[in-house]
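Structure first, commentary second.
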Amino acid sequence: MYYRLPQFEYLRPNDLHQALETIREGDWKPLAGGTDLLLDMKNGRQSPKKIIDISRLSELRYVRTNDSRVLIGGGSRLQELLENVIVKEKLPLLSSAIYEMASWQIRNIATIAGNLCNASPAADSAPPLLVHGARVKLISSSGSRTVPLSEFFLGPRKTVLSNNELMGEIDVPLLEGYYYRYYKIGRRHAFTLSVVSMAIAVKIENGIFSDVRIAMGSVAPKPVRALNVEKELIGKEAKTVEITKAIDLVSEDISPISDVRASAEYRMKVTKFLLKESLQESLKYFWK
Amino acid sequence: MSSFDLERLMNKWLNAEEFYVVGKRIERADTLDKALGKAKFIEDYYTNDMLFIKQVTSRYPHARIASIDESEAKKVRGFVANFTARNIPGENQVGYSLPDQPLLAERKVRYVGEPVSLVVARDFEAAIEAANQIKISYEPLPHILDPLEAKSRVDVLIHEEAGSNIAFRTKARKGDVEKGFSESHVVIENVYRTSQQDHVYLETEAAIAIPGLEGKLTILSPSQHPHLTQRIVSRVLGLPASSIRVVVPYLGGGFGGKDDEGPLISAKAALVAYLTGRPAFIEYSREESFAIHPKREATVIRYKSGADTDGRLKAIEVEIVHDTGAYANRGPFILWRATMHASGPYFVPNAKVDGYCIYTNKVYQGSFRGFGNPSVQFAAESQMDLLAEKLGMDPLDIRLKNILTPGSTTITGQVLDTSVGVKEALESVASKAGWRDKWKTYSTYNGRFRKGIGIGVAWHGISTSRGVPDWSAGTVKIEPDGSVSVLVGIVEIGQGSPTSSHRQIVAEVLGAPLDMVHVYFGTTDAPDTGATHASRGTGVGAIGVYVASIELRERLNSFAAKLLNTEPEDVVIHDGIVSSRRDPSKSIGWKEFIKKAYNSGVNTTASGYFFLPKGKFDDEAGQGFAYISYSYMVVISEVEVDTETGIIKVLRVYPAISAGKIINPIQVEGQIEGGFVQGMGLALMEELKFNEKGEIMNRDLTDYVIPTSLDAPEIEKPIFIEDRFKYGPLGAKGVGEMALIPAPASIANAVSHAIGKRVTELALTPEKVLKLLEKG
């Protein structure tokens, strides 16, 4: 009753093929869950003239797995993923992140591709997927291309997705024998945007950091990997002294800003602490 | 009934010991409809033949209005009219305490979000489109956002006619503070700051006005006081109040916000209905609600207190600055309340308290649960902890040493009567919480996660202050079928007083079965019962129906005595059974009894009225009668602080309340839980942030965060100290605001205890916690 949606052309294709044929030409905006898009349209941040409703395309709703990867259909609802056994068992970081996202009502309509394509710096599903080195499959009527998620985001609300493409699938390589930790720091304990989010996966073999993967949200223009910290640690002895040295490098990986939610200083301080805590805990985890 | 008889009968009921519905966990009458979604709120009465109203608001914090151009808006299909201050037929003056506020801005705007015109259209899309096409040109004026700056500047005046930016001043004086401080062993001085808070009611403001309904302009209004709304609409339209009818359906929360905005939004809808002759509907979006309606005031409080070596308070000197924003609204009353409560519920022999209500170019301040009291209790209670610390005392002991008891004198020189249960409340809840052990044990915690425990004690005067008239009124009718119709002006705003406590009081006094009692509430068709604010919905609001029931009961007793062949004093009417105490074999059922009464000339309707006796306050001397009685609240909060992230968890809360007779424990528990959590929001996360242009930066629920159920602590069952108040219905005082008032104080004290640093500024965000920890 309060807000006026601007006028737009609306089309709901029957299947994926029709959807891709439609968006081949013209400036179509895909509507999936609509939990970001409709709000943007109501407050005037976005005013697409043509909307293609892909929310009912069942071809895009699935979770499949084999020994090495999990394939997630882009149209999968967040709540479906939260309740999915494969996701719970094989992708605990993603499962934890979704658990802390939004509310039950919103998770039931919001899609994972929508969360990624909206490209908010605070997109909570991104850090776990970045840690896994996930790749996204962008499909169009003329075929598909696969892009590492780390290259998918260009900046706030900007991605490499073309007008004639949809995010069809997220391909998540599995990690074996890792220590995992997910953090979400918000302004209250539920149903809130992240001030800092972090996903981390660590592997220690023979007392050496054989792999370290760290990704963060809300601390840069887009969700990012802390590559400098990772590089500093990989191959080093799994010891506190190395961790202490490495975490200061995070200031080269992230560029937090001050806004109404928190100051840059607070975000940096908390990031460093979360890094310290999770890396220390990884030592204990492998020492057992 | 003579006043002597009334007082004698009220005393009889005040001392009643046995109850069959009062004090019981009774389900309220509106539970099922609300649970099933059948209950209707204002928006549910919208029909598409109504005109839709959209407000055009100021984009400047301070500017002259040069011109308003509606030529483009007129081209929008469905556009009906654009009404500005010029179209107001009556007075464009809605200032509540001072005549400083227009309904629609005239000549100048004083805050971003101030309503300038009302665009009217046939549907809401056209209204929004047309509102976007209204071109207002402004001549910007210099603006001031900081209250301390505004207080000292006279070159920029927000209200030229006031001659300064100080809207109002208050004072309280007692004894000689210089002498008091010279006799003090320890003196503590600090500055405390609190932030604006939005009410965030579930239901934003909405109103419907229908012209010519049975000859009256009828308003479905989100008001906390139907008769006040009627008066304000009458003034704005220049019509007699008798031609305006106000009906308040179920409301989705108010917390004081609708006490201020309810009459104004009603006047907007009524203005459009009156000028167009058609039904009109207005509803604020959440963003509009944030931008337009009054907030809890931001405060700066300088507080100095002194105590002797035993911990006895010797003096306080307090300066309270309230940022009232663009208009005074109820600010002077809010400041007055803060001033008179500045000591906390303690005996202080020497006091000097000064209050300043300051205009700034921000959204204005207004009523909010606690009404000026939470911030000053936060300051006072922080000071108590600091004095205890310097004296090496347990914070509980210093409080018990100074706590008010029956016969104590307040800082305005008022001697308190018998209804002062705060000492017992504090002692019993401290024991229940295991205060002494926890306070000692938590002090030794030293790791990343620290625990703390904190006390907040508060008092809150009931009814209006000083000699400001306050009364209660209500009508009770026993119908021929034995059902009971109660007519009262109190509104149902979620708190449940008309749907629970009023029914219980009437049923108890009449002896009628509870399910036969129906309350018709929230309308100018009822007697003016006063506002549903100031925790008065039951404590004051139900006195009228209580007195009416007492009078009816006397008539029923006399009639029953004849039927049962006994004396009126011997008659028992209990849950619909009328019998003789001496001879219980004689009895008659309620329905039959009422049928006989109708056929025997018994008057079965009574109107009750009670005028609360007040005293005088001398503004010059800062001395005198402040409030007729006080409710008291103690909360003890336990917190855990993560010293690495600054995140605070409130773990457990122990409440105790001295609010006289508890009519319905479930309702009181609900008020305590809700009030505490809203106070926790003020303490930890809620704050409006303004940019340099005076715009609210966080005017939506993404960035204005309030606690969720997952943030709420375990709130223990409250301890009730039933210190009955002689004029309250069966001795009830007020509850609604109580748990909010000491909540910030108890949380701030607990956090200070946990981290060993003194909290002086709210909201206590994780960021502020880390800054405190960094301090040496």
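The values are calculated or read from the model by the stated rules, or taken from the named source; none is laboratory data. This is a predicted model, so every value here is computed, not measured. All Cβ positions, glycine included, derive from the backbone under ideal geometry; neighbour counts span all protein chains shown. With ligands, DNA and RNA removed, areas are computed over all heavy atoms of the protein, side chains included. Shrake-Rupley method; radii C 1.70, N 1.55, O 1.52, S 1.80 Å.
Taking the condition of being touching an Asp or Glu at 6+ places or on another chain (Cβ under 9 Å) and more than 30 Å from B:K12 (Cα to Cα), how many residues in the stretch B:718-743 meet it?
Going through the stretch B:718-743 one residue at a time, the tally reaches 2.
Could you tell me whether A:E25 is more than 29 Å from A:Y182 (Cα to Cα), assigned to a loop (DSSP other than H, G, I, E, B) and open to solvent by 70 Å² or more (accessible area, probe 1.4 Å)?
When the stated conditions are applied, A:E25 passes them.
Residue by residue through the stretch B:644-669, note down the ones that are more than 14 Å from every other protein chain (Cβ to nearest Cβ) and part of a strand (DSSP E or B).
Going residue by residue through the stretch B:644-669, those that are more than 14 Å from every other protein chain (Cβ to nearest Cβ) are B:652-669.
Result: B:R652, B:V653, B:Y654, B:P655, B:A656, B:I657, B:S658, B:G660.
Residues in the stretch A:233-261 that are more than 23 Å from A:K158 (Cβ to Cβ) and open to solvent by 50 Å² or more (accessible area, probe 1.4 Å): how many?
As a first pass, look at the stretch A:233-261 and keep what is more than 23 Å from A:K158 (Cβ to Cβ): A:233-251.
From what's left, open to solvent by 50 Å² or more (accessible area, probe 1.4 Å): A:234-237, A:239-241, A:244-245, A:248, A:251.
Matching residues across the stretch A:233-261 total 11.
List pairs: first in the stretch B:373-388 and more than 11 Å from B:A342 (Cα to Cα), second open to solvent by 10 Å² or more (accessible area, probe 1.4 Å) and of a type in the set (K, R), Cβ under 9 Å, 6+ apart or cross-chain?
Here the result reads B:S382/B:R758; B:Q383/B:K304; B:D385/B:R758; B:L386/B:R758, each pair linking the stretch B:373-388 to a residue that is open to solvent by 10 Å² or more (accessible area, probe 1.4 Å) and of a type in the set (K, R).
Can you confirm whether B:I65 is within 21 Å of B:P222 (Cα to Cα) and not hydroxyl-bearing (S, T, Y)?
On the way: within 21 Å of B:P222 (Cα to Cα): no; not hydroxyl-bearing (S, T, Y): yes.
No; evaluated as a whole, the condition is false for this residue.
Can you find a residue that is within 14 Å of another protein chain (Cβ to nearest Cβ) and more than 30 Å from A:S55 (Cβ to Cβ) anywhere in the stretch A:198-216?
There is at least one residue in the stretch A:198-216 that is within 14 Å of another protein chain (Cβ to nearest Cβ) and more than 30 Å from A:S55 (Cβ to Cβ).
Does B:R337 satisfy the criteria of being assigned by TED's automatic domain parsing to the domain that holds B:R302, basic (K, R), within 23 Å of the chain's Cα centre (by Cα) and assigned to a loop (DSSP other than H, G, I, E, B)?
no
Here are some residues: B:M680, B:M738. Which one is part of a loop (DSSP other than H, G, I, E, B), buried (at least 24 other Cβ atoms within 10 Å of the Cβ) and touching a helix residue (DSSP H, G or I) at 6+ places or on another chain (Cβ under 8 Å)? If you could, list the steps in order and put the result at the bottom.
Details: B:M680 fails: part of a loop (DSSP other than H, G, I, E, B).
Being part of a loop (DSSP other than H, G, I, E, B), buried (at least 24 other Cβ atoms within 10 Å of the Cβ) and touching a helix residue (DSSP H, G or I) at 6+ places or on another chain (Cβ under 8 Å) holds for just one of B:M680, B:M738, which is B:M738.
Taking the condition under 24 Å from B:A473 (Cβ atoms) and surrounded by 24 or more Cβ atoms within 10 Å (Cβ to Cβ), does B:A560 pass?
No.
Of the residues in the stretch B:104-114, how many are open to solvent by 10 Å² or more (accessible area, probe 1.4 Å) and closer than 24 Å to B:A273 by Cβ?
1
Return the pair list, or none, for Cβ contacts closer than 8 Å from residues in the stretch B:16-32 that are basic (K, R) to residues that are open to solvent by 50 Å² or more (accessible area, probe 1.4 Å), at least 6 apart or on different chains.
As it stands, the answer is B:R25/B:I666, since those pairs meet every condition given.
Can you tell me how many residues within the stretch B:471-480 are more than 9 Å from B:A526 (Cβ to Cβ) and either of a type in the set (V, I, T) or open to solvent by 10 Å² or more (accessible area, probe 1.4 Å) (or both)?
Of the residues in the stretch B:471-480, 6 are more than 9 Å from B:A526 (Cβ to Cβ) and either of a type in the set (V, I, T) or open to solvent by 10 Å² or more (accessible area, probe 1.4 Å) (or both).
Looking only at the stretch B:1-46, filter to residues that are surrounded by fewer than 10 Cβ atoms within 10 Å (Cβ to Cβ) and of a type in the set (A, V, I, L, M); which one of those is nearest to B:Q667 (Cα to Cα)?
Checking each candidate, the answer is B:A35.
Taking B:A507 as the residue in question, decide whether it is closer than 26 Å to B:G370 by Cβ, of a type in the set (A, V, I, L, M, F, W, C) and either surrounded by fewer than 24 Cβ atoms within 10 Å (Cβ to Cβ) or in contact with an Asp or Glu (Cβ under 9 Å, 6 or more places away or on another chain) (or both). Talk me through it step by step, then tell me what you get.
On the way: closer than 26 Å to B:G370 by Cβ: no; of a type in the set (A, V, I, L, M, F, W, C): yes; either surrounded by fewer than 24 Cβ atoms within 10 Å (Cβ to Cβ) or in contact with an Asp or Glu (Cβ under 9 Å, 6 or more places away or on another chain) (or both): yes.
So B:A507 fails the test.
Given the criteria open to solvent by 40 Å² or more (accessible area, probe 1.4 Å) and in the same structural domain as A:S125 (by TED's automatic domain parsing), does A:R69 qualify?
On the way: open to solvent by 40 Å² or more (accessible area, probe 1.4 Å): yes; in the same structural domain as A:S125 (by TED's automatic domain parsing): yes.
Criteria met by A:R69.
Can you confirm whether A:L81 is hydrophobic (A, V, I, L, M, F, W, C), open to solvent by 10 Å² or more (accessible area, probe 1.4 Å) and either part of a loop (DSSP other than H, G, I, E, B) or over 26 Å from A:I254 (Cα atoms) (or both)?
Spelling it out, it is not the case that A:L81 is hydrophobic (A, V, I, L, M, F, W, C), open to solvent by 10 Å² or more (accessible area, probe 1.4 Å) and either part of a loop (DSSP other than H, G, I, E, B) or over 26 Å from A:I254 (Cα atoms) (or both).
When the residues of the stretch B:51-69 are filtered to those that are farther than 11 Å from B:A127 by Cβ and surrounded by 21 or more Cβ atoms within 10 Å (Cβ to Cβ), which remaining residue is farthest from the chain's Cα centre (by Cα)? If you could, list the steps in order and put the result at the bottom.
Quick first cut of the stretch B:51-69, residues farther than 11 Å from B:A127 by Cβ only: B:57-69.
From the residues that got through so far, the ones that are surrounded by 21 or more Cβ atoms within 10 Å (Cβ to Cβ) too are B:58, B:60-63.
Details: B:S58: 28, B:Y60: 30, B:P61: 28, B:H62: 30, B:A63: 33 Å.
The selected residue is B:A63.
Considering only residues of the stretch B:671-725 that are farther than 23 Å from B:G254 by Cα and of a type in the set (F, W, Y), which is nearest to the other protein chains (Cβ to nearest Cβ)?
Taking the candidates together, the pick is B:F690.
Those residues that are farther than 23 Å from B:G675 by Cα and open to solvent by 10 Å² or more (accessible area, probe 1.4 Å), I need them from the stretch B:756-769; list them, please.
B:G756, B:K757, B:R758, B:E767, B:K768
Tell me, please, whether a residue that is in contact with a His (Cβ under 6 Å, 6 or more places away or on another chain) and open to solvent by 20 Å² or more (accessible area, probe 1.4 Å) can be found in the stretch B:686-708.
No, the stretch B:686-708 has no match at all.
Among the residues of the stretch B:575-603 satisfying the criterion of being assigned to a loop (DSSP other than H, G, I, E, B) and hydroxyl-bearing (S, T, Y), which is nearest to the chain's Cα centre (by Cα)?
Applying the filter and picking the extreme gives B:S600.
Go through the stretch B:189-212 residue by residue and tally those that are within 27 Å of B:A388 (Cβ to Cβ), open to solvent by less than 20 Å² (accessible area, probe 1.4 Å) and either touching a Pro at 6+ places or on another chain (Cβ under 6 Å) or not small (G, A, S) (or both).
Of the residues in the stretch B:189-212, 2 are within 27 Å of B:A388 (Cβ to Cβ), open to solvent by less than 20 Å² (accessible area, probe 1.4 Å) and either touching a Pro at 6+ places or on another chain (Cβ under 6 Å) or not small (G, A, S) (or both).
Looking at B:V540, B:V509, B:V545, B:V519, which is the one that is of a type in the set (A, V, I, L, M, F, W, C), modelled with pLDDT of 95 or more, in the same structural domain as B:I26 (by TED's automatic domain parsing) and assigned to a loop (DSSP other than H, G, I, E, B)? Even if it seems obvious, please write down each step before you answer.
Numbers: B:V509 fails: assigned to a loop (DSSP other than H, G, I, E, B); B:V545 fails: assigned to a loop (DSSP other than H, G, I, E, B); B:V519 fails: assigned to a loop (DSSP other than H, G, I, E, B).
Result of the check over B:V540, B:V509, B:V545, B:V519: B:V540.
Just checking, does the stretch A:47-64 include any residue being outside the structural domain of A:G217 (by TED's automatic domain parsing), closer than 16 Å to A:S125 by Cα and at pLDDT 95 or above?
Within the stretch A:47-64, one or more residues are outside the structural domain of A:G217 (by TED's automatic domain parsing), closer than 16 Å to A:S125 by Cα and at pLDDT 95 or above.
Among (1) hydrophobic (A, V, I, L, M, F, W, C); (2) farther than 18 Å from B:G482 by Cα; (3) in contact with an Asp or Glu (Cβ under 8 Å, 6 or more places away or on another chain), where does B:I594 come up short?
(2)
Among the residues of the stretch B:214-221, are any at pLDDT below 95 and assigned to a loop (DSSP other than H, G, I, E, B)?
Let us first name the residues in the stretch B:214-221 that are at pLDDT below 95, namely B:214-215.
With the extra rule that they be assigned to a loop (DSSP other than H, G, I, E, B), the set shrinks to B:214-215.
Checked against the condition, which is being at pLDDT below 95 and assigned to a loop (DSSP other than H, G, I, E, B), the stretch B:214-221 yields at least one hit.
Out of B:R77, B:R86, B:R107, B:R122, report the one residue that is under 23 Å from B:A206 (Cβ atoms) and of a type in the set (K, R).
None of the others qualify; the one that does is B:R122.
Taking the options B:S465, B:S483, name whichever one is at pLDDT below 95 and surrounded by fewer than 22 Cβ atoms within 10 Å (Cβ to Cβ).
The match here is B:S465.
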